[in-house]
Amino acid sequence: MSKPRRHGEPRDSDTPRQEPLYADDVASPSHAEHARSLIQRVDMGVLSTQHAELDGHPYGSMVIYGLHEGAPILLISGLAEHTKNLEASPRCSLLIHERGPENPLALSRVTLVGEGSKVVGPEREAVAASFLSRHPDASYYADFTDFAYWRIDVTGVRYIGGFGRMSWVEPEPWAKAEPDPLLDGAKHIIDHMNEDHADALRLYSEAFSRSGPVPEAVMTGVDRYGFEMSVTTEQGARPVRIAFDAPATDSTAVRKAMVTLVKRAREQLGVES
């Protein structure tokens, strides 16, 4: 993967750059893994094609997609402009973005660049099953004669994880990356920790980051390699990431890892349990 780029310092600003509260080498998902998890979690995006009748100008349209063996699958009508465009030129891209109440530019997104091709022959049945498992309501029109399945064979991946976190993902790590195994249970873990273990979250930050004592720490994310928090400091809310001792593949493993970390934090800080 190419080296991630960071934004420069603000122009005409005397505000010192804040040093991170945790080390850069704390275990975390790669950009390839982040991108794989995002396309697994989201099921719609913006398809960009070259318009067949407007001198090849980019044409964006909203589509839903499924996944089959890691490739995005579209179920689209021959009457649609984007289908006509793909028939004239297979080059396309699919922009998939995270949605939430935060600043949309601070959320993650990925652009998959590739070529579209209509799925025909014996593979169609398996592709259809993969698509309809994510979009069962599409079964209503899936067999209409003007609809067909299209696969996007990905040749380039651009991942942006928010401000200053971006890179082109190389083909080999993209092919090997898998979605995070905690995707389905992450919200439950986060809610449970914030509602029932706020004291433990503060201990994690104070013991394993540079935050020092904090009045509040809120878990904001969790993945196989560790978890992230927003901690309250004198400089305002700051991000902190804590790594597990080993990758966690399910909620049971996460619970055991959290228990181990809180015991270690109490020992390090001299806090009685």
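The values are calculated or read from the model by the stated rules, or taken from the named source; none is laboratory data. Given the structure is predicted, the values throughout are model-derived calculations rather than measurements. In this analysis, Cβ positions are derived from the backbone assuming ideal geometry, glycine residues included, and neighbour counts consider all displayed protein chains. To get the accessible areas, we keep the full protein, side chains included, count just its heavy atoms, and leave off ligands, DNA and RNA. Shrake-Rupley method; radii C 1.70, N 1.55, O 1.52, S 1.80 Å.
Some points to look at:
- Only Cα sites of the range 53-109 enter the Debye sum here, all with the same form factor; the resulting log10 I(q)/I(0) across q = 0.17, 0.20 1/Å is -0.72, -0.90, listed in q order.
- Taken per residue, the accessible surface of the chain reaches 58 Å², heavy atoms only and a 1.4 Å probe.
- Along the range 44-49 the Karplus relation, 6.51 cos²θ - 1.76 cosθ + 1.60 evaluated at θ = phi - 60°, assigns HN-Hα couplings of 8, x, 10, 8, 10, 10 Hz to successive residues, with x for each Gly and Pro.
- Plainly put, the range 49-200 has a radius of gyration that is 1.03 times its Kirkwood radius, both from alpha-carbon atoms, as the Rg/Rh ratio.
- The angle between the Cα long axis of helix 123-134 and the longest principal axis of the Cα atoms of the chain comes to about 50 degrees, rounded to the nearest 10.
- Extension gain (nm, one decimal) between Glu272 and Ala246, 0.36 nm per residue minus Cα-Cα: 6.8 nm
- Angle of helix 31-41 to the longest C-alpha principal axis of the chain, folded into 0 to 90 degrees and rounded to 10: 70°.
- As a calculated quantity, the FRET efficiency between Ala175 and Val259 at R0 = 51 Å, using C-beta atoms, amounts to about 0.90.
- Calculated log₁₀ intensity ratio I(q)/I(0) where the Debye formula runs over C-alpha points of the chain, q = 0.08, 0.12, 0.15 Å⁻¹: -0.43, -0.84, -1.13
- Straight-line cross-link reach from Lys84 at under 23 Å between alpha-carbon atoms covers these lysines, not counting any fewer than eight positions away in the same chain: Lys118.
- Separation between Cα centres of the range 41-95 and the range 107-147, rounded to whole Å: 11 Å
- Annotation: amide H of Glu170 within the under-5 Å range of Ser2, sequence separation 5 or more or interchain, hydrogens built in the peptide plane.
- Overall, the accessible surface of the chain at a probe of 1.4 angstrom is composed of carbon and sulfur to the extent of 51 percent.
- Residue list for the range 23-37, given a label point 7 angstrom along the Cα-to-Cβ vector of Gln235 and an amide N cut-off under 18 Å: 23-26
- In terms of overall dimensions, the range 151-221 has a Cα radius of gyration and Dmax of 17.5, 52 angstrom.
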